[in-house]
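Data block below; observations after.
The values are calculated or read from the model by the stated rules, or taken from the named source; none is laboratory data. This structure is a prediction, so every number in the text was calculated from the model and none was measured. Here the Cβ positions follow ideal geometry from the backbone for every residue, glycine too, while neighbour counts run over all protein chains shown. For accessibility, only protein heavy atoms count, side chains too; no ligands or nucleic acids. Shrake-Rupley method; radii C 1.70, N 1.55, O 1.52, S 1.80 Å.
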Amino acid sequence: MSFDRSIKIAPSILAADFANFGAECAAAEAQGADWIHVDVMDGHFVPNITFGPAMCAAIRPHIKGVMDVHLMIAPVDPYIDAFAQAGADVITAHVEAGPHIHRTLQAIRGAGAKAGVALNPGTPAQAVATLLDDIDLICVMTVNPGFGGQKFIDMGQKIRALRSMIGDRPVHIEIDGGVDPTTAPLVAAAGADVLVAGSAVFRGGSVNDPAPYGDNIRAIRAAAESALG
Ligand code: DX5
Ligand code: ZN
């Protein structure tokens, strides 16, 4: 996984057909997805349940590029090795998920994955100030985690603060929640480079008719890139 700040679109399979994840991942990549975003929920840290490491391992062979695993679980540490062994390229843990985020991030890197830290809308940028050399990605939640299809919450000021704190470090800023062609320019202009989008990518298409995925991905990318001038 090489580092750059170009705009990357990461479809979230939370909005895909749960009976067809392998084919959905392949279709999204064939239609232009840069990363595949995989939302793991435990019904404890967030009020919804999705799936665990066995599902990640099952879909891994269907993803050629980056598998970006977003853990909305607490505790995190007992499961890191399982997600790394499932083939996650990036493992992101929430700073709100426990008292020892630094230990968690070290364990993720120790397991051979890139380490991401996610911030809920109510958590300030300052929460990662002492972690900047221990992370590869900051995920700025622009919805309260747990569900797809929620209304975008403007975190522009927080994204700008993070972009400035990161400086020259090779740390991605990822945006998760309510990203579509209307909101993508706001987050791209503020300094984000990885745009997660669930409903705005998978709407209108299916594995048997994946062309709308491509239209949707291109629309989000074009809107984001237009904000960069
Ligand atoms: C929310 C998840 C998101 C979600 C985004 O808890 O982390 O990745 O799938 O869905 P949309 O793009 O529909 O807001
Ligand atoms: Zn997510």
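For the structure I just gave you, tell me whether G148 is open to solvent by 40 Å² or more (accessible area, probe 1.4 Å), in contact with a Gly (Cβ under 6 Å, 6 or more places away or on another chain) and part of a loop (DSSP other than H, G, I, E, B). Answer is yes for this residue. Looking across A184, A189, A161, A224, one residue alone is away from ligand 1 (no atom under 12 Å from the Cβ) and open to solvent by less than 10 Å² (accessible area, probe 1.4 Å). It is A224. Please verify whether F45 is open to solvent by 30 Å² or more (accessible area, probe 1.4 Å) and part of a loop (DSSP other than H, G, I, E, B), treating the condition exactly as stated. Yes: the conditions hold for F45.
The residue list V143, V196, V201, V179 contains one member that is assigned to a helix (DSSP H, G or I) and under 14 Å from the mean Cα position of the chain (by Cα), which is V201. Please work out if R218 is surrounded by fewer than 22 Cβ atoms within 10 Å (Cβ to Cβ) and in a helix (DSSP H, G or I). Yes, satisfied. Filtered by the rule that a residue be open to solvent by 20 Å² or more (accessible area, probe 1.4 Å) and part of a helix (DSSP H, G or I), segment 59-74 gives R60, P61, H62. Name the residues in segment 125-142 that are of a type in the set (V, I, T) and open to solvent by less than 10 Å² (accessible area, probe 1.4 Å), would you? Within segment 125-142, V128, I135, I138, V140, T142 meet the criteria.
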